[in-house]
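Got a structure here, written out as structure tokens. Questions coming.
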Amino acid sequence: MSRSRTCNNPAPAYDGKDCEGSSTESKTESCNKQQCPVDGGWTKFGNWVPTECSVSCGVGGERSLSRSRTCTSPMPNYGGKPCAGVSTESKKESCNSNPCPIDGGWTKFGNWVAAECSVSCGGGERSLSRSRKCTSPMPNYGGKPCVGVSTESKKESCNSNPCPIDGGWTEFEEWIPTTCSLSCGEGQRSLSRSRTCTNPPPQYDGKACEGFDSETNTETCNSNPCPIDGVWCDFNELAWTSCSAQCSKTGTQTRACDCPPAQHGGAPCDGSDTYTETMDCYEGACLVQTCDAAAKPSSSLPRNCGEYVRCDTNPEPLVMPCPAGLHFDDATGVCVAGDCGEIAEDEVDSPCNSDNNGAFVADDVDCTVFYQCSNGVAIPMSCPAGTMWDALLKTCVNGNCQVEVDDDVEDEKEDGAACANSDTGTLLPDPEDCHKYIMCANKKDESRSCGSLVFDPNISVCNWESVTNPCTTKP
């Protein structure tokens, strides 16, 4: 509590003094000593309390649940307000929804099922049975099982019909042959024989005989050889003998009357037993060339007018022929158009010397010819027809020096397709056969064969087939 006063009774004037003392004063005292009002507060609801379920099992049971609370947290006091709302809640829920026990019930008996008869015919006995199941309904949820048996049985007569008699075959009759297809040379003829299903015949639904009532066979006949007339063999262009002098004179080839020979009384070939044909060998002498470190790889060295030597990765020189109508030009190192000139006979060297006595040496021109060296003298020898001399194996192997090209197929190829942009003397791989290669001559393709070897495009020579030089194209 406080109060105030003013200095105006009278107010100081004409230099008079202000009033002494304080112009206000205050003091305290107690008030509103009565208790404040306390509003009531609810406690938490208690647990739900259920009543008894309306059914003990099955569907449709229901029960009530209730819970309560009190207005004591805090209780209303000193004029405070009571709690707002209800003190009790209730709800309903389903209960006892577990299935009720189901007692089992029998289905109707099924049809009688017969066992196999004791005999297949002539009168026997068989058992019959029928069954039912406890599934109408099936006992469940503690229900009782069905009372009684699930199976009934009885016996009856069966198969009183006569027993079937299966048919049986008689023995086959003798074979009857037809006429032989040939009068000689081992012909063929057919044979047949028959039987009947009468031992015994099938009765009372017995089975018919299994199999065929007849059978056939074939046999050879008139196997005596037929007469074969003799026929002249063709001349083998690769079977020429060695020239009478190296790179000059003439060589020969022969054919015999054995393609086939006359046999079994056949007529022989007309004329002599053997025909002989001669031809001119290479004219002029042959130069001996060696490949050394100074020789440029793949360079061409002169050998004679119609041939040259290539120095590749092999230590031995590779002799290559110029195509027909061309000769080797020493100045340019390629085959050019024109006939061969003459080379002096004294330039001819023997392939044999004191260092290779007893050795076998390949001919530089003809792959079917080789020489046996005897004290510096070359003894010419020839491989059999259809074979060629293998310088590495030192023996004759199957193969030809050149493979004849089918005229019809060759005509279909475009002339100079591979060599159109290559110089004369260039060697290219054959795209269709790795055992061949193509020699370029005046922009035209000349097919050549490596025999049993394969063409190595990396060094442009015929070489052995290997992992680094596989044969990837074969006809």
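The values are calculated or read from the model by the stated rules, or taken from the named source; none is laboratory data. Every value quoted in this text rests on a predicted model; they were computed, and no experiment measured them. Cβ placement follows ideal geometry from the backbone for every residue including glycine, while neighbour counts extend to all protein chains displayed. SASA here: full protein model, heavy atoms, side chains in, ligands and nucleic acids out. Shrake-Rupley method; radii C 1.70, N 1.55, O 1.52, S 1.80 Å.
What is the Rg over Rh value, at two decimals, for the stretch 62-191, using alpha-carbon atoms and the Kirkwood definition of Rh?
1.75
Given the protein chains as shown and a 1.4 Å probe, how many square angstrom of Glu62 are accessible, to the nearest 10?
Its accessible surface works out to 100 Å², give or take rounding.
How many times 2.2 N^0.38 Å is the alpha carbon radius of gyration of the stretch 427-471?
Expressed relative to 2.2 N^0.38 Å, the Cα Rg reads 1.09.
Return the Rg/Rh value of the stretch 1-148, two decimal places, where both radii are evaluated on C-alpha atoms and Rh is the Kirkwood radius. If you can, show how the numbers build up before the last one.
Values: Rg = 49.0 Å, Rh = 26.8 Å.
We get a ratio of 1.83 for the stretch 1-148.
Within the accessible area of the stretch 117-162, what % is carbon and sulfur when the probe is 1.4 Å and the other protein chains stay in place?
Its accessible area is 47 percent carbon and sulfur atoms.
I would also like to ask the following. Among the trypsin sites (Lys or Arg not before Pro) within the stretch 94-140, which fall in a DSSP loop and have no more than 12 other Cβ atoms within 10 Å of their own Cβ? Numbers along the way, then the final one.
Working: sites: Lys108, Arg126, Arg130, Arg132, Lys133; in loops: Lys108, Arg132, Lys133.
Sparse-neighbourhood loop trypsin sites (Lys or Arg not before Pro): Lys108.
Okay, next question. Can you sort Leu453, Leu182 by 1.4 Å-probe accessible area, starting with the largest?
Leu182, Leu453
Here's something else I'd like to know. Between Leu182 and Lys133, what FRET efficiency follows from the Cβ-Cβ distance if R0 is 60 Å, with the result rounded to 0.05?
My answer for the efficiency is 0.15.
Hey, another quick one. Sort out for me the Cα centre separation of the stretch 133-180 from the stretch 193-235, rounded to whole Å.
First find each Cα centre; the distance between them is then 42 Å.
Longer than 28 Å from Cα to Cα, which of Lys394/Lys444; Lys394/Lys436; Lys133/Lys155 are they? Say none if no pair is. Provide the component values of the computation, followed by the final result.
Details: Lys394/Lys444 34 Å; Lys394/Lys436 22 Å; Lys133/Lys155 22 Å.
Where the Cα-Cα span goes over 28 Å, the pairs concerned are Lys394/Lys444.
Now, a different point. Can you figure out the FRET efficiency of Tyr204 with Lys155, using R₀ = 22 Å and their beta-carbon distance, to the nearest 0.05?
With R0 = 22 Å, the Cβ-Cβ based efficiency is 0.30.
Computed FRET efficiency, Cβ-Cβ of Cys31 and Val86, R0 56 Å: what is it to the nearest 0.05?
0.90
Using the Cα atoms of the stretch 78-118, I'd like the radius of gyration and the largest Cα-Cα distance, Dmax, both in angstrom.
Computed over the Cα atoms of the stretch 78-118, radius of gyration and Dmax are 33.4, 109 Å.
Could you list the square roots of 5 times each eigenvalue of the Cα gyration tensor of the stretch 157-237, that is, the equivalent ellipsoid semi-axes, sorted largest first and rounded to whole Å?
The equivalent ellipsoid of the stretch 157-237 has semi-axes of 55, 14, 6 Å.
Pop a pseudo-label 7 angstrom from the Cα along the beta-carbon direction at both Asn224 and Cys7 and give the gap in nm to one decimal.
Going by the 7 Å Cα→Cβ label model, 18.5 nm.
Enter the accessible area of Thr198 (Å², nearest 10), with the probe set to 1.4 Å and all protein chains included.
The value for Thr198 is about 80 Å².
Across the stretch 63-69, in residue order, what do the Karplus-derived ³J(HN,Hα) couplings come to in whole Hz, using 6.51 cos²θ - 1.76 cosθ + 1.60 with θ = phi - 60° and x for Gly and Pro?
For the stretch 63-69, the Karplus-derived couplings read 8, 9, 10, 9, 8, 9, 8 Hz, x marking Gly and Pro.
Could you pull out the GluC sites (Glu not before Pro) across the stretch 146-233 that fall in loop regions by DSSP (anything but H, G, I, E, B) with no more than 16 other Cβ atoms inside 10 Å?
Passing sites in the stretch 146-233 are Glu171, Glu173, Glu174, Glu186, Glu210.
Further, regarding this structure: So how much slack lies between Glu62 and Ala417, counting 0.36 nm per residue of separation and subtracting their Cα-Cα distance, in nm?
Working: separation 355, 0.36 × 355 = 127.80 nm, distance 10.30 nm.
Working it through step by step, the gained length comes to 117.5 nm.
Non-local amide H neighbours of Ser460 (under 5 Å, H modeled in plane, Pro and chain starts lacking H): which ones?
none
So how strong a dipole does the stretch 1-145 carry about its Cα centre when Lys and Arg Cβ are +1 and Asp and Glu Cβ are -1, to the nearest 20 debye? Walk me through the numbers on the way to the answer.
On the way: 18 positive and 13 negative charges, 157 e Å.
The dipole magnitude comes to about 760 debye.
Starting from the Cα of Thr43, step 7 Å toward the Cβ, then list every residue of the stretch 61-89 with an amide N under 19 Å from that point.
66-77, 82-89
Kindly provide the pair-distance distribution of the stretch 2-61 built from C-alpha pairs, with 10 Å bins from 0 and whole-percent values in order of increasing distance.
13, 15, 11, 10, 9, 8, 8, 7, 7, 6, 5, 1
Using a 1.4 Å probe, how large is the accessible area of His264, given in Å² and rounded to the nearest 10?
His264 exposes around 100 Å² with every protein chain in place.
Pairs to check: Lys108/Lys207; Lys33/Lys81; Lys91/Lys144. Give those whose C-alpha atoms are more than 31 Å from each other in this structure. Could the numbers behind the result be given before it?
Working: Lys108/Lys207 42 Å; Lys33/Lys81 21 Å; Lys91/Lys144 37 Å.
Distance filter (> 31 Å) returns Lys108/Lys207; Lys91/Lys144.
Another question, if that's okay. Which length gain, in nm to one decimal place, applies between Ala337 and Ser190 when the Cα-Cα distance is subtracted from 0.36 nm times their residue separation?
46.1 nm
Could I ask something else about it? Once you list every other residue whose beta carbon is under 12 Å from the beta carbon of Ser118, what net charge do they have if Lys and Arg are +1 and Asp and Glu are -1?
Combined, the nearby Lys, Arg, Asp and Glu give -1.
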